[in-house]
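The values are calculated or read from the model by the stated rules, or taken from the named source; none is laboratory data. Here the structure is a predicted model, which means the values were calculated and not measured. Neighbour counts run over all protein chains shown; Cβ positions are idealised from the backbone, glycine included. Calculation scope for accessible area: heavy atoms of the full protein, side chains included, ligands and nucleic acids excluded. Shrake-Rupley method; radii C 1.70, N 1.55, O 1.52, S 1.80 Å.
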Amino acid sequence: MSRTICLTIATILAGALFGCAPAQEPNLTDRWFYLSTNFLVEDNVAPGQALLERAAAAGYNGVLVADTKFGFLDEMPERYFDNVSAFKQTADDLGIEIIPAVMPIGYSSSLLHHNPNLAEGIPVRDALFVAQDGVADIVADPPVALPGGDFEQAEDNRFAGWDFQDNAGESMFADTQVKHGGAQSCRMEGIGAASPEHGHCRLNKMVEVEPFRQYHLRAWIKSEDFATPGGVRMFALADGQVLSYNDLAVNRTQDWTRQDVVFNSLDHDEVLVYIGVWGGRTGKLWWDDVGIEEVGLLNLLRRDGCPLTVRGEDGTVYEEGRDFEPVEDELMGREPWPGNYSVYHEPPVIAVTEDSRIEDADRLRVSFYAPPIIHWGQVTCCLSEPEVYEILRDQVQEVADMLEPSAYFMSHDWIRCANWGEACQSRDMTPGELLADNVSRCMDIIRETSPDARIYVWSDMFDPFHNADEREYYYLVNGDWSGSWEGLDPSVIVANWYYGPREQNLPWFAERGIEQILAAYYDRGDYVIEDWL
């Protein structure tokens, strides 16, 4: 099956599955497929039209269309709208309804395209900067290091400096022939044979850190016919909470390549640094020159809800524009294009003005906010900044003008960071309450533009049996999402894609008067629509 129609959707009241209705073929009023595309590329139009024809022949009557360009239609050339028009004409001729995806809350790059500073940020508190020769830059306080990260010392293939190591001499070896720096590296091979149940080949080290500081992990990695590059990981863990979720860009075969991970220590004073492989099988992987450093103004956010403060250790508060030049990370949210954030780049420093009260050798305490980057570049917008809602209102109006849709799909999904900035903290609300307010406002925006339109939303952030439970840690959210469902009213239709707890979540939404769509996630295994029905 083509990946572009990997999500099939059918509408049905969950109560019909668990109530006393006689067994019969349900009335599947909505039969959709999902299409993620880019209408700016003309070569995408004909395949999209062909999918419409296939879908119509198979009995589908709707297509959920996601295109990041829906977030900034004001920047699109005329050919974009010509391509959309051609696709829409085919859909109209075939009787297939187009339901556009709007409201990018969670995966927010198309919204942050307009203003990268609207990302939700985690605070960095009282980082030490020292002034010297007209600039102030970060100085690790306390000093931080990863002994053994150079892999220069080993006995019987067991490396010095690490607290834990898997399978020394079985799947992990000191290699004096292949190395990035120094005399030797760490080679991993034969992982599946040494660890047939889990494929583990890992090292870890407890490292002392300062709470609410920003740290950079780096490593050089080389691979040769390595069968499971997606299982290569480097991350920080503290008291059962994972602090970093950056995925590494490791290929099956590659020369030495630097890999970067950045994390905030949150309220922890020590973290467990893990490197290695999970689910490994065959091939070779080398590690070398693994290190850690405290970093400064990397991906610095600048907005009122995420203030930057610079003060002396004597309590003097220094003024931007008077004591130091305006500070900006010019690459934040702009690399390689607006709305996209790089995990690591050289951060800016603080430039001292000529008539500044800051003198050489002065120790400064700098507080600021920076967004975490999740997996392959996901950054989430702030739920409380007024400008976010101005952008969303413009998006819905522009989509309405282009497509005149009779339904909209809100893209609230996997919101992995929230409730850290002052914009949220000043409201004294839980993440669940913030999201309930957000989704209610998003529905109001759609109704202002299209009063009679149907409104749909993904289930996961409003499902108490999924992401809206009361778990202790949900990614990097400050609190939990319970109660988020209070923002939904019975007019919204929930696309329920979590098959596992279906005997709990389907009747739970139905009892709240909320109609549901059964979303067969990727049409594989237990998730095929026949099993749902």
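Summary table below
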| item | result |
| --- | --- |
| Computed [θ] at 222 nm, deg cm²/dmol, the chain (DSSP H ≥ 4; -39,500 (n - 2.57); rounded to nearest 500) | -5500 deg cm²/dmol |
| 12 Å beta-carbon shell around S171, net charge (K/R +1, D/E -1) | +1 |
| Segment N340-E448, extension gain: residue separation times 0.36 nm, minus the distance between their alpha carbons | 35.9 nm |
| Accessible area of K205 in the full protein assembly, 1.4 Å probe (Å², nearest 10) | 40 |
| GluC sites (Glu not before Pro) within the stretch 269-378, DSSP loop, no more than 10 other Cβ atoms inside 10 Å | E330, E354, E359 |
| Relative contact order (%) - criterion: Cα under 8 Å, at least six apart; region: the chain | 18 |
| Share of carbon and sulfur in the accessible heavy-atom surface of the chain [1.4 Å probe, %] | 45 |
| Coil-residue GluC sites (Glu not before Pro) of the stretch 113-217, DSSP, other Cβ within 10 Å capped at 10 | E197 |
| Dipole of the chain [Lys/Arg +1, Asp/Glu -1 at C-beta], most positive-end residue of Y60, G276, A154 | Y60 |
| Exposure ranking of E78, E422 by accessible area [1.4 Å probe, largest first] | E78, E422 |
| Spatial separation of Cα centroids for the stretch 400-462 and the stretch 92-139, in angstrom | 17 |
| 1.4 Å probe accessible area per residue over the chain, in Å² | 42 |
| Charge dipole (debye, nearest 20) of the chain; +1 at Cβ of Lys and Arg, -1 at Cβ of Asp and Glu | 1500 |
| Principal axis dimensions, largest first and in whole angstrom, of the stretch 243-354 by Cα | 59, 35, 27 |
| Net charge, N61 excluded, C-beta distance under 11 Å - Lys, Arg +1, Asp, Glu -1 | -1 |
| For the stretch 90-237, the spread of Cα positions along each principal axis, largest first, Å | 70, 54, 25 |
| Rounded accessible area of H198 (nearest 10 Å², 1.4 Å probe) | 100 |
| Top positive-direction residue, dipole computed over the stretch 307-376 with Cβ charges, set H375, F324, L364 | H375 |
| Protection proxy ranking, peptides 396-403, 162-169, average beta carbon neighbours within 10 Å, highest first | 396-403, 162-169 |
| Descending semi-axes in whole angstrom, ellipsoid equivalent of the stretch 194-236, from the Cα gyration tensor | 27, 14, 8 |
| Overall Cα dimensions of the stretch 377-491 - principal axes, largest extent first, Å | 42, 29, 28 |
| Order of exposure, largest accessible area first, which applies to V65, V262 with probe 1.4 Å | V262, V65 |
| For the chain, with +1 on Lys and Arg beta carbons and -1 on Asp and Glu, the positive-most of P196, F39, W458 along the dipole | P196 |
| Scaled radius of gyration (Cα, divided by 2.2 N^0.38 Å) that the chain gives | 1.08 |
| Cα→Cβ-extended label distance, 7 Å offset, between Q254 and D267, nm | 3.7 |
| Ranking by accessible area, most exposed first, for F87, F81 with a 1.4 Å probe | F81, F87 |
